[in-house]
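Just so you know, all these numbers are worked out from the coordinates, no wet-lab data involved. Here the structure is a predicted model, which means the values were calculated and not measured. Backbone-built Cβ (ideal geometry, glycine too); neighbour counts: all protein chains shown.
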Amino acid sequence: MSNSRPLVAVTGLEGRDNPYPGAAIARALREARGDGVGVIGFSYDPALTGNFRGDLFDRVHSTPLPGAPAAALIPRLLEIHRQEPIDVLIPALDSELALFSEHAAELAAAGIRMLIPSPGTVKKRYKQRLWPWARAHGLFSPRTEVVTDPASFWRQEDWSFPCYLKGPLADAVRVESQAEAEAVYQRLAARWGLPVLAQEPLCGEEFDVCAVVRPGGEPLSMITIRKTALSAAGKAVGAEVVDEPEAEAEARRILAALEWAGPLELELLRERSSGRYFLIEINARFPAWIGVSGATGVNLPDLLLRLALGEELPEIPAPRVGTTFLRASRTTLGRVEQLGALLSSGSLVHQEPL
């Protein structure tokens with residue numbers, strides 16, 4: 001670092017119906033360090049709500065979509081880095097991780113640090129690979145298969161309705177019939193691409209374990225929540241921090257088998273009939289509720305930053321059991337000139353560099 005004020009770049013600035021984690025990460029860093037940290041946003045769309053959060057971001061820069069070729073995205077990041085040296089980059093979207101992992105050495109050589117898993121580890125948690133990977137490691141996970149032909153897939157004797165259809169990156173929709181399945185398949189394929197996956201339904205209680213993980217799979221700290229309110233998309237809009245030793249033990253087994261590094265969220269379900277914990281998904285980033293982690297006593301984004309910078313780690317308390325949250329919406333005011341600046345110059349300055 002050129003000075004004692006690290007500069008952190010964060011992606012995932014959308015904050016509407018299905019919010020991304022970027023603004024929440026920035027909020028947690030501001031809560032922990034105030035003006036002692038610089039935070040800039042990487043924005044894939046000039047209309048993202050986080051672009052206009054001058055209370056969270058010093059500056060916002062336009063960047064290509066994560067699905068764009070590396071030949072477009074990586075040079076743009078390095079161009080921004082030459083203008084204002086970035087100490088740490090925190091990717092906030094699952095769709096970015098493979099690309100950033102492949103180019104981690106190049107970015108590190110330029111001085112941009114990240115705490116993310118290797119390319120091989122990233123591939124292990126792909127949705128279409130998760131079920132066979134879990135079985136190979138003695139872990140429970142609901143049966144999940146690629147739907148190659150929605151017209152014939154459910155003719156298999158051992159598949160029936162209801163079940164869930166899932167996009168490769170996001171979305172899970174419960175379908176009850178062949179006609180509904182075919183319509184949802186087309187909708188998911190159009191939005192997220194292929195493969196579309198079918199997953200058997202389970203009955204039980206849902207938990208999320210969010211962790212910051214040292215390279216090799218040892219968690220530095222974890223927060224376990226029990227979902228208490230879900231959005232129409234099945235996302236946790238209300239939850240309670242719980243003490244679930246069995247869920248945390250299962251999370252440690254998963255992390256060790258993955259050999260993970262960095263932030264992630266494990267979605268688990270405790271099956272009602274057996275009491276077993278099933279691994280539903282692995283989200284390779286912080287969840288959108290991470291902005292409230294400081295209120296639990298464990299600010300996970302700040303711990304990640306400390307780990308990435310090599311700072312001395314404080315004594316880390318256990319999260320406060322019983323802490324609850326309920327997501328609310330916020331209206332952000334801006335000026336049309338700000339949108340014009342982002343569109344014309346590729347950057348929006350909320351606060352000049354110190």
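Stokes-Einstein diffusion for the chain, with the hydrodynamic radius set to the Kirkwood value over Cα pairs and evaluated at 25 °C in a medium of 0.890 mPa s, equals 116 µm²/s. For region 149-199, the calculated P(r), taken from all Cα-Cα distances in 5 Å bins from zero up to the bin holding the longest distance, is 4, 24, 36, 24, 10, 2 percent. Full extension of the chain between ARG272 and ALA47 yields a length gain of 76.7 nm, computed as 0.36 nm times the residue separation minus the alpha carbon distance. Would you please classify the overall shape of region 29-174 from the alpha carbon gyration tensor, given that a ≥ b ≥ c denote the square roots of the eigenvalues, rounded means a/c under 1.5, and beyond that prolate means a/b larger than b/c while oblate covers the rest? Judged from the Cα gyration tensor, region 29-174 comes out prolate (a/c at least 1.5, a/b above b/c). A Förster distance of 22 Å, applied to the separation of the beta-carbon atoms of HIS137 and ALA98, puts the FRET efficiency at 0.55. The spread of Cα positions in region 1-47, taken along each principal axis and listed from longest to shortest, comes to 36, 20, 11 Å.
For the chain, what does the helix formula give at 222 nm: sum of -39500 (n - 2.57) over DSSP H segments with n ≥ 4, over the residue count, nearest 500 deg cm²/dmol? Per the formula, -9000 deg cm²/dmol.
Sorting THR224, THR121 on the 10 Å Cβ count, fewest up front, what's the list? Exposure proxy ranking, most exposed first: THR121, THR224. Packing, as the average of other Cβ atoms within 10 Å across residues, places the peptides 162-172, 147-157, 179-189 in the order 162-172, 179-189, 147-157, highest first. Measuring r between the beta carbons of SER231 and GLU312 and using R0 = 45 Å, the FRET efficiency lands at 0.70. Could you check which residue among GLY217, GLY22, GLY111 shows the biggest mean-square fluctuation in a GNM of the chain with a 10 Å Cα cutoff? The residue that fluctuates most here is GLY111. Name the shape class, rounded, prolate or oblate, that the alpha-carbon gyration tensor gives for region 212-304, where a ≥ b ≥ c are the square roots of its eigenvalues, rounded holds for a/c under 1.5, and otherwise prolate holds if a/b is larger than b/c and oblate otherwise. Oblate, because a/c is 1.5 or more while a/b does not exceed b/c.
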